[in-house]
Amino acid sequence: SAVISQKPSRDICQRGTSLTIQCQVDSQVTMMFWYRQQPGQSLTLIATANQGSEATYESGFVIDKFPISRPNLTFSTLTVSNLSPEDSSIYLCSVVGDAKKLFFGSGTQLSVL
Amino acid sequence: ELKVEQNPLFLSMQEGKNYTIYCNYSTTSDRLYWYRQDPGKSLESLFVLLSNGAVKQEGRLMASLDTKARLSTLHITAAVHDLSATYFCAVEADSNYQLIWGAGTKLIIKP
């Protein structure tokens, strides 16, 4: 299994600012995914981040709002830019581990005032 | 477009009872996942189902997959309070682990 360290675990941010979320994996992984989980809702895939290439964004998500970095095979960041209250959610990173399972970080709970 | 429907969305049951959560999806897929999420926590992988007729069991939970019917079930046997959580199914939209998620089933098991 993969162990993922995600931080911060929670943050309260002002409207118009940005928050950068970090995920560190204990092993090298090719594919890393970023998800959003709005309060009481299911998960929505934001983007897939592969090392050495641009992230691939899902419909409804754009790079200007959610820039992603993937500098190596164990680390990635997601920035949520120009925050508004609608961005209040839990953000999760995920990687593919053994037995084709996806493992998730502990999540970042973002509240925007 | 792949859609995933879970039902029921909410289930309250007594300890010791059996129940089933259903996960329907709209187009063919090679992979289906079940996850558990406790309040305020991340997601815990329960099962990965890879082929038609696949059945996996772990403790009081058993998951099965019928790709022809595009249906997976998560069966709970003799429920205990510790199984209270939200359960999600997720279906792979393509071959790159991009998952489409069901809405989740909030399960409350009363002692």
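Please treat every number below as a calculation from the coordinates, not as lab data. Remember, it's a predicted structure, so these values are computed and weren't measured experimentally. Glycine gets a Cβ as well: all are built from the backbone with ideal geometry, and neighbour counts include every protein chain shown.
Kindly establish whether residue B:20 is within 13 Å of chain A (Cβ to nearest Cβ), of a type outside the set (Lys, Arg) and assigned to a strand (DSSP E or B). Show your work before the answer.
On the way: within 13 Å of chain A (Cβ to nearest Cβ): no; of a type outside the set (Lys, Arg): yes; assigned to a strand (DSSP E or B): yes.
Criteria not met by residue B:20.
What do you reckon, is residue B:69 in a strand (DSSP E or B), more than 20 Å from residue B:18 (Cβ to Cβ) and either within 14 Å of chain A (Cβ to nearest Cβ) or of a type outside the set (Phe, Trp, Tyr) (or both)?
Details: in a strand (DSSP E or B): no; more than 20 Å from residue B:18 (Cβ to Cβ): yes; either within 14 Å of chain A (Cβ to nearest Cβ) or of a type outside the set (Phe, Trp, Tyr) (or both): yes.
No.
Give me the strands (runs of 3 or more DSSP E) completely within the stretch A:1-61, filtered to those with at least 2 residues that are of a type in the set (Gly, Ala, Ser), ordered by residue number.
Details: elements: A:4-7, A:10-13, A:19-25, A:31-37, A:43-50.
The qualifying strands (runs of 3 or more DSSP E) are A:43-50.
Please determine, by comparing only the residues of the stretch A:87-113 that are assigned to a loop (DSSP other than H, G, I, E, B) and farther than 18 Å from residue B:90 by Cβ, which one is nearest to the other protein chains (Cβ to nearest Cβ). Spell out how you get there, then give the answer.
Of the residues in the stretch A:87-113, the ones assigned to a loop (DSSP other than H, G, I, E, B) are A:88, A:97, A:101, A:105-107, A:113.
Going one step further and asking which of them are farther than 18 Å from residue B:90 by Cβ, we end up with A:88, A:106, A:113.
Details: A:88: 15, A:106: 5, A:113: 20 Å.
Across the stretch A:87-113, the extreme among qualifying residues is A:106.
Quick check on my filter: what residues within the stretch B:35-60 are within 14 Å of chain A (Cβ to nearest Cβ), surrounded by 13 or more Cβ atoms within 10 Å (Cβ to Cβ) and more than 19 Å from residue A:105 (Cβ to Cβ)?
Hits for the stretch B:35-60 are B:47, B:49, B:50, B:54, B:56.
For residue B:63, are the conditions met, namely being assigned to a loop (DSSP other than H, G, I, E, B), crowded, with 20+ Cβ neighbours inside 10 Å and away from every other protein chain (no Cβ under 12 Å)?
no
Being surrounded by 13 or more Cβ atoms within 10 Å (Cβ to Cβ) and touching a Lys or Arg at 6+ places or on another chain (Cβ under 7 Å) is true for just one of B:83, B:71. Which residue is that?
Numbers: B:71 fails: touching a Lys or Arg at 6+ places or on another chain (Cβ under 7 Å).
Answer to the selection: B:83.
Return yes or no: is residue B:110 surrounded by fewer than 18 Cβ atoms within 10 Å (Cβ to Cβ), more than 13 Å from residue B:34 (Cβ to Cβ) and within 11 Å of chain A (Cβ to nearest Cβ)? Spell out how you get there, then give the answer.
Numbers: surrounded by fewer than 18 Cβ atoms within 10 Å (Cβ to Cβ): yes; more than 13 Å from residue B:34 (Cβ to Cβ): yes; within 11 Å of chain A (Cβ to nearest Cβ): no.
In short, no.
Could you look through the stretch A:6-28, keep only residues that are farther than 17 Å from residue B:40 by Cα and within 15 Å of the chain's Cα centre (by Cα), and pick out the one that is nearest to the other protein chains (Cβ to nearest Cβ)?
Of all residues in the stretch A:6-28, those farther than 17 Å from residue B:40 by Cα come to A:13-28.
Subsequent filtering for residues that are within 15 Å of the chain's Cα centre (by Cα) retains A:18-25.
Working: A:18: 23, A:19: 18, A:20: 19, A:21: 13, A:22: 15, A:23: 12, A:24: 15, A:25: 14 Å.
Here the residue is A:23.
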